[in-house]
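Single-structure report; data block below.
The values are calculated or read from the model by the stated rules, or taken from the named source; none is laboratory data. Keep in mind the model is a prediction, meaning the values are calculated, not measured. As a convention, Cβ positions derive from the backbone with ideal geometry for all residues, glycine included, and neighbour counts pool all protein chains shown. To get the accessible areas, we keep the full protein, side chains included, count just its heavy atoms, and leave off ligands, DNA and RNA. Shrake-Rupley method; radii C 1.70, N 1.55, O 1.52, S 1.80 Å.
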Amino acid sequence: MSLALIPGSFDPITVGHLDIVKRALALYDEVVVAVMINDQKNYDYTLEQRVDMAELAVKGLDRVCVVGSDGLLIDLFDELQADVIVKGIRNEEDRAYEEKMAAWNLEHNPRAKTIFLQAADDFEQIHSTKVRDMIHAGEQPDAFLAPAVAEYIRTLHCSNA
Ligand code: PNS
């Protein structure tokens, strides 16, 4: 039984992330989407909201679950007895960033190896930052989100208005 951990901020989870989840499912028996906190980032959505959105996005996919954690990825990796970390990369900037993270994780937990999946062309331009920028500008980012996530964000912003 192989278990892949897909960690990230998911602020919010996009269809690009979802594609990586589906492709990881073709390679591993189980996939856990780990919604985490990167101390270097400011988030638009709370950990709880990011977990809610990730759960909505993967609903209906067998062999996938979502966890939220405010701890270290390397500790979660051991807790879940994961076999591998999977990260999607779109460009050289992503690669440089993710390789640094992967090296740090591996240095602190020699079992915690990361494999990279290159984003498919259709998803190369999709970024959570872009989604947040669109929302700030009052635009609809629906094309970049699972329908249930787009609806969740709409409801959230209506109730905050
Ligand atoms: O892509 P992201 O948003 O940076 O992903 C977040 C996370 C935590 C998975 C990534 O930053 C990472 O792998 N960090 C390694 C160190 C760690 O576990 N940090 C958590 C507390 S700062």
Exercise for the section: Would you check if there is a residue in region 92-107 being modelled with pLDDT under 95, more than 14 Å from the ligand (Cβ to nearest atom) and on the phi < 0 side of the Ramachandran plot? Expected result: yes
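Results for (1) closer than 19 Å to Q118 by Cα; (2) away from the ligand (no atom under 15 Å from the Cβ), shown as yes or no for each residue.
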| position | (1), (2) |
| --- | --- |
| M1 | no, yes |
| I6 | yes, no |
| F10 | yes, no |
| V21 | yes, no |
| E30 | no, yes |
| D44 | no, no |
| L47 | no, no |
| R50 | no, no |
| E55 | no, yes |
Fill in the blank from the handout: Restricting attention to region 75-96, the residues that are in a loop (DSSP other than H, G, I, E, B) and open to solvent by less than 20 Å² (accessible area, probe 1.4 Å) number exactly 1
Exercise for the section: Quick one: A112 ticks every box in (1) part of a helix (DSSP H, G or I); (2) within 16 Å of the ligand (Cβ to nearest atom); (3) surrounded by 14 or more Cβ atoms within 10 Å (Cβ to Cβ) except a single one, so which number is it? Expected result: (1)
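From A34, A4, A24, A54, grab the single residue that is touching a residue at least 40 places away in the same chain (Cβ under 8 Å), surrounded by 13 or more Cβ atoms within 10 Å (Cβ to Cβ), more than 19 Å from V149 (Cβ to Cβ) and within 13 Å of the chain's Cα centre (by Cα). Break it down into steps so the answer makes sense when it comes.
Working: A34 fails: more than 19 Å from V149 (Cβ to Cβ); A24 fails: more than 19 Å from V149 (Cβ to Cβ); A54 fails: more than 19 Å from V149 (Cβ to Cβ).
Sole residue among the options that is touching a residue at least 40 places away in the same chain (Cβ under 8 Å), surrounded by 13 or more Cβ atoms within 10 Å (Cβ to Cβ), more than 19 Å from V149 (Cβ to Cβ) and within 13 Å of the chain's Cα centre (by Cα): A4.
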Problem - Candidates A148, A112, A119, A137, filtered to the one that is out of contact with any Phe, Trp or Tyr (no Cβ under 9 Å at 6 or more places or on another chain), in contact (Cβ under 8 Å) with a residue 24 or more places away in the chain and over 22 Å from N91 (Cβ atoms) - result: A148
Practice task
Answer yes or no: is there a residue in region 120-141 that is away from the ligand (no atom under 14 Å from the Cβ), open to solvent by 60 Å² or more (accessible area, probe 1.4 Å) and of a type in the set (A, V, I, L, M, F, W, C).
Solution key: yes
Handout entry: Selection count, region 38-48, where residues are buried (at least 17 other Cβ atoms within 10 Å of the Cβ) and within 13 Å of the chain's Cα centre (by Cα)
Key = 1
Exercise for the section: Being assigned to a helix (DSSP H, G or I), farther than 19 Å from G8 by Cα and open to solvent by 60 Å² or more (accessible area, probe 1.4 Å) narrows it down to one of E151, E99, so name that one. Expected result: E151
